[in-house]
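Engineer: Once you've had a glance at the structure underneath, I'll fire off some questions.
The values are calculated or read from the model by the stated rules, or taken from the named source; none is laboratory data. Since we're looking at a predicted model, the values are computed, not measured. Virtual Cβ from ideal backbone geometry, glycine too; neighbours counted across all protein chains shown.
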Amino acid sequence: MATQGTSRRELLASSAALAAAAWLVPSARALAWQDEKKPVPGERRKFGKTDMQVGVLGFGGAEIGYEPAEQATVDRLLNGALDAGLNVVDTAECYRESEVLIGNAIAARRKEFYLFTKCGHTSEPPKDGPDWSKEGVLQSIERSLKRLKTDVIDLVQLHSCSLEELKNGGCIEGLEQAKKQGKTRYIGYSGDSTTAKWAIESGRFDTLQTSINICDQECLELTLPLAAARQMGVIAKRPIANAVWRYDAKPDNSYHVEYWRRLQELKYEFAVGDKRNDAGPDGAAGVAMRFTAMQPGVHVLIVGTTKPTRWAQNAELLRAGPLAKELVDSIRARWKSASKPDWTGQT
Ligand SMILES: NC(=O)c1ccc[n+]([C@@H]2O[C@H](COP(=O)([O-])OP(=O)(O)OC[C@H]3O[C@@H](n4cnc5c(N)ncnc54)[C@H](OP(=O)(O)O)[C@@H]3O)[C@@H](O)[C@H]2O)c1
């Protein structure tokens with residue numbers, strides 16, 4: 001796990017620019033969720049100005065690739081979740097076998113879900129690593145189409161390339177060409193902090209995928225209001241903060257270390273002691289997920305898991321609805337008082 005976490009982090013950090021408004025009006029659907037006390041797992045939100053109606057709880061495909069999960073497990077996990085209301089599956093070319101596992105498990109049910117992937121990093125030799133050229137991006141998308149066993153992807157996102165690569169422009173041109181060719185219906189940027197801000201302001205992306213959670217709140221003021229103003233679809237990645245309250249000591253998995261460190265300083269009451277193991281909506285996982293889900297402008301949370309029963313459990317937690325205002329205010333206040341200038345959005 002430590003090695004896998006390290007390689008993922010290194011891979012992304014190599015190309016990501018990590019650096020640091022008031023609330024704008026949230027999307028109508030997000031507001032509605034805040035008003036509805038008991039949303040059903042199948043609840044849909046209009047995904048920005050796209051034609052998609054996304055379920056609040058999606059599926060993040062990194063864990064099944066990095067852990068890794070067996071095909072039979074992924075078959076059970078994804079088919080069970082689709083039966084229970086899942087309609088967003090997110091993955092990336094570089095999540096090892098994730099795309100292949102997903103393609104094998106649910107390509108036959110393609111009409112039942114929106115399929116999101118990310119391009120620019122490859123795990124296929126001879127080019128094992130990032131390629132942000134126009135050609136590189138187009139080739140990455142071709143490989144994803146084959147691995148996912150589909151003719152068209154709903155959303156292809158640039159996988160956390162740096163500001164410099166965004167400004168070079170080749171990667172964006174590649175995405176735009178793939179959209180014109182009908183290989184992807186929409187295009188997005190997946191990344192954080194000031195690089196994500198640039199991506200939003202460029203006006204060239206339909207969607208933003210960014211880290212949003214109790215340990216990663218920079219985006220709440222830096223980027224989410226801008227994305228909402230442009231009616232972009234917003235995907236919350238790492239939405240449950242990698243459940244870092246699970247660790248009694250510094251995790252071996254380097255990908256989890258930064259959030260774990262932050263949590264030691266944030267000292268949220270709901271993420272210490274017995275609350276860490278409380279599997280109900282007011283325990284650590286429930287509060288973390290409900291906090292992310294109720295942020296204005298957020299449409300879908302792509303929680304990662306390798307456990308076949310997890311999606312239904314998490315959907316049940318979300319049924320508890322938005323957190324009490326006092327609790328949200330205290331989470332925000334704690335963040336504002338504890339956060340350091342380098343607590344920027346984590347890829
Ligand atoms: N740069 C990028 O574009 C980028 C970077 C990071 C992530 N992502 C995307 O975001 C997705 C989600 O990120 P992530 O998987 O890193 O973070 P995450 O969803 O915040 O955390 C996943 C972890 O939380 C655990 N978990 C889930 N539900 C739980 C619950 N109710 N109680 C306790 N633990 C629970 C899972 O363990 P179990 O296996 O035990 O359920 C898993 O280890 C990824 O799969 C990927 O699609 C994109």
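Engineer: Being over 18 Å from Thr347 (Cβ atoms) and either among the aliphatic types (A, V, I, L, M) or within 8 Å of the ligand (Cβ to nearest atom) (or both) is the filter here, so list the residues in segment 244-262 that pass it.
Structural biologist: Arg246, Ala249
Engineer: I've got another one for you. Test Thr309 against the criterion of being surrounded by fewer than 19 Cβ atoms within 10 Å (Cβ to Cβ) and in contact with a helix residue (DSSP H, G or I) (Cβ under 9 Å, 6 or more places away or on another chain), and give yes or no.
Structural biologist: Taking the combined requirement at face value, the residue satisfies it.
Engineer: Please give the number of the condition Ala279 fails out of (1) surrounded by fewer than 20 Cβ atoms within 10 Å (Cβ to Cβ); (2) within 13 Å of the ligand (Cβ to nearest atom); (3) closer than 30 Å to Leu155 by Cβ.
Structural biologist: (3)
Engineer: I've got another one for you. Could you tell me which residue of segment 106-148 is farthest from Gly65 (Cα to Cα), considering only residues that are assigned to a helix (DSSP H, G or I) and β-branched (Val, Ile, Thr)? First the steps, then the outcome.
Structural biologist: Within segment 106-148, the first condition is being assigned to a helix (DSSP H, G or I), and the residues that meet it are 106-112, 134-148.
From what is left, the residues that are β-branched (Val, Ile, Thr) are 106, 137, 141.
Working: Ile106: 16, Val137: 21, Ile141: 18 Å.
Ranking the candidates gives Val137 first.
Engineer: Taking segment 47-81 as the region of interest, how many residues are surrounded by fewer than 24 Cβ atoms within 10 Å (Cβ to Cβ), closer than 21 Å to Cys119 by Cα and either near the ligand (Cβ under 9 Å from one of its atoms) or of a type in the set (Lys, Arg) (or both)?
Structural biologist: Residues flagged as surrounded by fewer than 24 Cβ atoms within 10 Å (Cβ to Cβ), closer than 21 Å to Cys119 by Cα and either near the ligand (Cβ under 9 Å from one of its atoms) or of a type in the set (Lys, Arg) (or both) within segment 47-81 amount to 4.
Engineer: Next up: Right, Leu158: of a type outside the set (Asp, Glu), assigned to a strand (DSSP E or B) and in contact with a Leu (Cβ under 9 Å, 6 or more places away or on another chain) or not?
Structural biologist: Spelling it out, Leu158 is indeed of a type outside the set (Asp, Glu), assigned to a strand (DSSP E or B) and in contact with a Leu (Cβ under 9 Å, 6 or more places away or on another chain).
Engineer: Looking at (1) more than 15 Å from the ligand (Cβ to nearest atom); (2) touching a Phe, Trp or Tyr at 6+ places or on another chain (Cβ under 7 Å); (3) outside any loop (DSSP other than H, G, I, E, B), which is the one condition that is false for Val287?
Structural biologist: Val287 satisfies every listed condition except (1).
Per-residue answers, yes or no, for (1) over 17 Å from Ile172 (Cβ atoms); (2) touching a helix residue (DSSP H, G or I) at 6+ places or on another chain (Cβ under 7 Å); (3) buried (at least 17 other Cβ atoms within 10 Å of the Cβ):
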{"residue": "Arg96", "(1), (2), (3)": "yes, yes, yes"}
{"residue": "Val100", "(1), (2), (3)": "yes, yes, yes"}
{"residue": "Asn104", "(1), (2), (3)": "yes, yes, yes"}
{"residue": "Ala108", "(1), (2), (3)": "yes, no, no"}
{"residue": "Lys111", "(1), (2), (3)": "yes, no, no"}
{"residue": "Phe116", "(1), (2), (3)": "yes, no, yes"}
{"residue": "Thr122", "(1), (2), (3)": "yes, yes, yes"}
{"residue": "Val137", "(1), (2), (3)": "no, yes, yes"}
{"residue": "Ser140", "(1), (2), (3)": "no, no, yes"}
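Engineer: Being under 30 Å from Ala229 (Cβ atoms), within 13 Å of the ligand (Cβ to nearest atom) and surrounded by 20 or more Cβ atoms within 10 Å (Cβ to Cβ), is that true of even one residue in segment 263-272?
Structural biologist: For segment 263-272, residues under 30 Å from Ala229 (Cβ atoms), within 13 Å of the ligand (Cβ to nearest atom) and surrounded by 20 or more Cβ atoms within 10 Å (Cβ to Cβ): absent.
Engineer: Sticking with this one: Quick one: how many residues across segment 106-132 are at pLDDT 95 or above and away from the ligand (no atom under 15 Å from the Cβ)?
Structural biologist: Adding up the residues that qualify gives 7.
Engineer: Kindly check whether there is at least one residue in segment 222-235 that is buried (at least 24 other Cβ atoms within 10 Å of the Cβ), under 15 Å from Thr344 (Cα atoms) and either within 13 Å of the ligand (Cβ to nearest atom) or over 17 Å from the mean Cα position of the chain (by Cα) (or both).
Structural biologist: Checked against the condition, which is being buried (at least 24 other Cβ atoms within 10 Å of the Cβ), under 15 Å from Thr344 (Cα atoms) and either within 13 Å of the ligand (Cβ to nearest atom) or over 17 Å from the mean Cα position of the chain (by Cα) (or both), segment 222-235 yields no hits at all.
Engineer: Taking Trp311 as the residue in question, decide whether it is part of a helix (DSSP H, G or I), at pLDDT 95 or above, aromatic (Phe, Trp, Tyr) and within 12 Å of the ligand (Cβ to nearest atom).
Structural biologist: Criteria met by Trp311.
Engineer: Also, I was wondering about something else. Which residues, taken from segment 195-209, are of a type outside the set (Val, Ile, Thr), touching a strand residue (DSSP E or B) at 6+ places or on another chain (Cβ under 7 Å) and not in a helix (DSSP H, G or I)?
Structural biologist: Across segment 195-209, the qualifying residues are Phe205, Asp206, Leu208, Gln209.
Engineer: Further question: Here are some residues: Val74, Val89. Which one is assigned to a helix (DSSP H, G or I) and either modelled with pLDDT of 95 or more or over 16 Å from Gln209 (Cβ atoms) (or both)?
Structural biologist: The unique qualifying residue is Val74.
Engineer: Going through segment 172-194 one residue at a time, which ones are assigned to a helix (DSSP H, G or I) and either of a type in the set (Asp, Glu) or within 14 Å of the ligand (Cβ to nearest atom) (or both)?
Structural biologist: Selection gives Glu173, Glu176, Ser193.
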